[in-house]
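Working notes, beginning with the structure itself.
The values are calculated or read from the model by the stated rules, or taken from the named source; none is laboratory data. Since this is a predicted model, take the numbers as computed values, not measurements. Backbone-built Cβ (ideal geometry, glycine too); neighbour counts: all protein chains shown. To get the accessible areas, we keep the full protein, side chains included, count just its heavy atoms, and leave off ligands, DNA and RNA. Shrake-Rupley method; radii C 1.70, N 1.55, O 1.52, S 1.80 Å.
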Amino acid sequence: MGLKRFERIALLFSSGAALGAYQAGATAALLARGLRPNWIAGSEIGAINAAILAGNPSQEAAASLRRFWQELSSLWASRPRRRARRPLFRRFARGEGEGAFFSRANGALRALLADALDCERINGGSLRLVLGAHDRGTGRERTFDNDRHRLGLDHILACLPPADLEAGSLLRAASGVAVPLSALIDAPPADTLSFLIDGYDPIPQRTGGLSRAARDIASLKRNHELRRMIALLGEHLEPSARRNPDVLRCLEAASSATMTLLHLVHEEGAGELSVQMGDFSHEAVARRWQAGESDVAASFSQRLWLQPRPPLSAAVVHELRRGAPAPPP
């Protein structure tokens, strides 16, 4: 498969609430093709998928993900009916709908997670897990990293709004939490193959410009290119210049490590995004799971991301929407 040259294989999961079923289906397809990540990051619903993946043996992770999403869908279907579902969707558009469902289901969701993953395995050190949440009190991002913390169900649930993690600290996930990619920027240099699996990433139509993920990807790419240029400059310095303390501090940022990133984006088609994100029905979950599997199959049939990199390039990005290569931004 040409994967042996990568020191790090990373799976990155973004937000998207019910659209996270696409992430789960794509992950199952990657595992079925022998991909074994050693570095996983996620925010919001992506943190749930990431934790389940990290909390299971690779041969059992896909089944655990499928069972979790089926039971989550049943939990959603059995929730107490309100006068109308439309107000919930309106709240969702303001970032409240996901919290409304998950907060009412908090106890049952904890039980689902406890059955779906093994926290001892997560903390066992076999792979890196980084989760992101939004501190409602300070407005700042919080990162939970099994390299620095002993992670439990409270940390995982804290990535969904609202949930209490510590006394006096209410954490609320937000669509702007960009932990998956920002965590990679801070990771030690290593030749990396990354799969950023997005439940949604609409391209602005009226104003133009970049999508939310494209901005973060551009930042990640600039970081790698800059570190590569510093390394190249360092190779041409005279030994006397390399001993200069200021130069040495600059060279600490140098790296010849490469990054290949495949961005898989789910596009559900016509319909209000807030409604799609709030639809955990069995039909919607199954459809999105299948879409994730299909997009991974398409990416492996084309294998553009395994082609040789351009000379001197530190980072290469490929994007697929509905299984078709998208033009670079």
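Yes/no per residue for (1) crowded, with 17+ Cβ neighbours inside 10 Å; (2) at pLDDT 95 or above; (3) among the acidic types (Asp, Glu):
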site: Leu35; (1), (2), (3): yes, no, no
site: Glu44; (1), (2), (3): yes, no, yes
site: Ile52; (1), (2), (3): yes, yes, no
site: Arg67; (1), (2), (3): no, yes, no
site: Ser74; (1), (2), (3): no, no, no
site: Ser78; (1), (2), (3): no, no, no
site: Arg81; (1), (2), (3): no, no, no
site: Ala84; (1), (2), (3): no, no, no
site: Pro87; (1), (2), (3): no, no, no
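Taken together, Ser73, Ser15 contain a single residue that is at negative phi, assigned to a loop (DSSP other than H, G, I, E, B) and either more than 16 Å from the chain's Cα centre (by Cα) or not charged (D, E, K, R) (or both), which is Ser15.
Quick check: is even one residue across the range 152-171 β-branched (Val, Ile, Thr) and at pLDDT below 85? Spell out the reasoning first.
Taking the range 152-171 and keeping what is β-branched (Val, Ile, Thr), we get 156.
Then keep just the ones that are at pLDDT below 85; that gives none.
Among the residues of the range 152-171, not one is β-branched (Val, Ile, Thr) and at pLDDT below 85, which makes the answer no.
Residues that are more than 20 Å from the chain's Cα centre (by Cα) and either at pLDDT below 85 or open to solvent by 60 Å² or more (accessible area, probe 1.4 Å) (or both) within the range 270-285 comprise Ala270, Gly271, Glu272, Val275, His282, Glu283, listed in sequence order.
Out of Ile197, Ile217, one residue alone is β-branched (Val, Ile, Thr), crowded, with 16+ Cβ neighbours inside 10 Å, within 13 Å of the chain's Cα centre (by Cα) and at pLDDT 85 or above. It is Ile197.
Out of the residues in the range 266-285 that are touching a residue at least 24 places away in the same chain (Cβ under 8 Å) and hydrophobic (A, V, I, L, M, F, W, C), which is farthest from Ile197 (Cα to Cα)?
From the range 266-285, those touching a residue at least 24 places away in the same chain (Cβ under 8 Å) are 266-268, 272-282, 284-285; that's our starting set.
Checking the rest, the ones that are also hydrophobic (A, V, I, L, M, F, W, C) come to 273, 275, 277, 280, 284-285.
Details: Leu273: 17, Val275: 20, Met277: 15, Phe280: 18, Ala284: 18, Val285: 16 Å.
Checking each candidate, the answer is Val275.
Residue by residue, here is whether (1) surrounded by 16 or more Cβ atoms within 10 Å (Cβ to Cβ); (2) not in a helix (DSSP H, G or I) holds:
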residue	(1), (2)
Lys221	yes, no
Leu226	no, no
Met229	no, no
Leu232	no, no
Ala241	no, no
Val247	no, no
Thr260	yes, yes
Leu264	yes, yes
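Would you point out the residue of the range 288-323, among those that are open to solvent by 50 Å² or more (accessible area, probe 1.4 Å) and under 20 Å from the mean Cα position of the chain (by Cα), that is modelled with the lowest pLDDT? Among residues in the range 288-323 that are open to solvent by 50 Å² or more (accessible area, probe 1.4 Å) and under 20 Å from the mean Cα position of the chain (by Cα), the one modelled with the lowest pLDDT is Arg322.
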